[in-house]
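What follows is a set of notes on a single structure, which appears directly below.
The values are calculated or read from the model by the stated rules, or taken from the named source; none is laboratory data. Owing to the predicted nature of the structure, the values given are computational and were not obtained by experimental measurement. No Cβ is skipped: glycine too gets one built from the backbone with ideal geometry, and neighbour counts run over all protein chains shown.
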Amino acid sequence: QMVTLTELVQFMLPDLYIHLEKCDSSNLFFFFRMLLVWFKRELSFNETMQLWEVLWTDLYSSQFILFVALAILQKNSKIIIGNLHSFEDILKYTNDLNGNHDIGELLTRAELLFIKFRQMVELIDRKNLSFTNMAPRESVPISENIRSLLSRDIIIAKEEQRTESTPFG
């Protein structure tokens, strides 16, 4: 999810991504906890239940949680770009966002970002289709991670088989 979120930020919020690179934060580690516990610490109990209910529907995507994360980043991008210049600054700022989210606004923003994302992918696909008879360097590739965000299929990540030679195996 972190890799996909990073690609999504790069795709949808390129100015923010460029700034995060300068701050050695493009890996989005400052967002890890939020995704790990599905924003449980950022929202009240009722807001968390409301968010989780939306996420469980898989209405737009089985990874809609990444668009919720993108919505938070988009909403705070001007502050991050204008005032925060290190990983520590960004980490402190995002941690201080706890309890300061309007769940209705956040879900609306996430939904609009998903719709814009889907339209961008469709536009790029149409553009790439028209370039099939032209030089391949003119087409714009969309990674499988990004494309998977359009799917409602549940993503199941399995632990790899451990070999007997690994310590603590």
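Could you list, in sequence order, the residues of region 66-97 that are crowded, with 18+ Cβ neighbours inside 10 Å, touching a Cys at 6+ places or on another chain (Cβ under 9 Å) and either hydroxyl-bearing (Ser, Thr, Tyr) or free of Cβ contacts under 8 Å to residues at least 40 places away in the same chain (or both)?
Answer for region 66-97, where residues must be crowded, with 18+ Cβ neighbours inside 10 Å, touching a Cys at 6+ places or on another chain (Cβ under 9 Å) and either hydroxyl-bearing (Ser, Thr, Tyr) or free of Cβ contacts under 8 Å to residues at least 40 places away in the same chain (or both): there is none.
MET2 passes all but one of (1) closer than 18 Å to ASP96 by Cα; (2) under 13 Å from the mean Cα position of the chain (by Cα); which number fails?
Checking MET2 against (1) closer than 18 Å to ASP96 by Cα; (2) under 13 Å from the mean Cα position of the chain (by Cα), the one that fails is (1).
Just checking, does region 105-119 include any residue being at pLDDT 90 or above, among the β-branched types (Val, Ile, Thr) and within 21 Å of the chain's Cα centre (by Cα)?
Within region 105-119, one or more residues are at pLDDT 90 or above, among the β-branched types (Val, Ile, Thr) and within 21 Å of the chain's Cα centre (by Cα).
Yes or no, residue by residue, for (1) closer than 20 Å to SER148 by Cβ; (2) more than 13 Å from the chain's Cα centre (by Cα); (3) modelled with pLDDT of 85 or more; (4) aliphatic (A, V, I, L, M):
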{"site": "THR6", "(1), (2), (3), (4)": "yes, no, yes, no"}
{"site": "VAL9", "(1), (2), (3), (4)": "yes, no, yes, yes"}
{"site": "MET12", "(1), (2), (3), (4)": "yes, no, yes, yes"}
{"site": "TYR17", "(1), (2), (3), (4)": "yes, no, yes, no"}
{"site": "GLU21", "(1), (2), (3), (4)": "no, yes, yes, no"}
{"site": "GLU42", "(1), (2), (3), (4)": "no, yes, no, no"}
{"site": "PHE45", "(1), (2), (3), (4)": "no, yes, yes, no"}
{"site": "MET49", "(1), (2), (3), (4)": "no, yes, yes, yes"}
{"site": "LYS78", "(1), (2), (3), (4)": "no, yes, yes, no"}
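If a residue has to be surrounded by fewer than 18 Cβ atoms within 10 Å (Cβ to Cβ), of a type in the set (Asp, Glu) and assigned to a helix (DSSP H, G or I) to count, how many in region 15-65 make the cut?
Adding up the residues that qualify gives 3.
Among the residues of region 66-88, what is the count of those that are in a loop (DSSP other than H, G, I, E, B) and of a type outside the set (S, T, N, Q)? First the steps, then the outcome.
Filtering region 66-88 for residues in a loop (DSSP other than H, G, I, E, B) gives 84-86.
The next check asks that each one be of a type outside the set (S, T, N, Q); those that pass are 84-85.
The number of residues fulfilling the criteria is 2.
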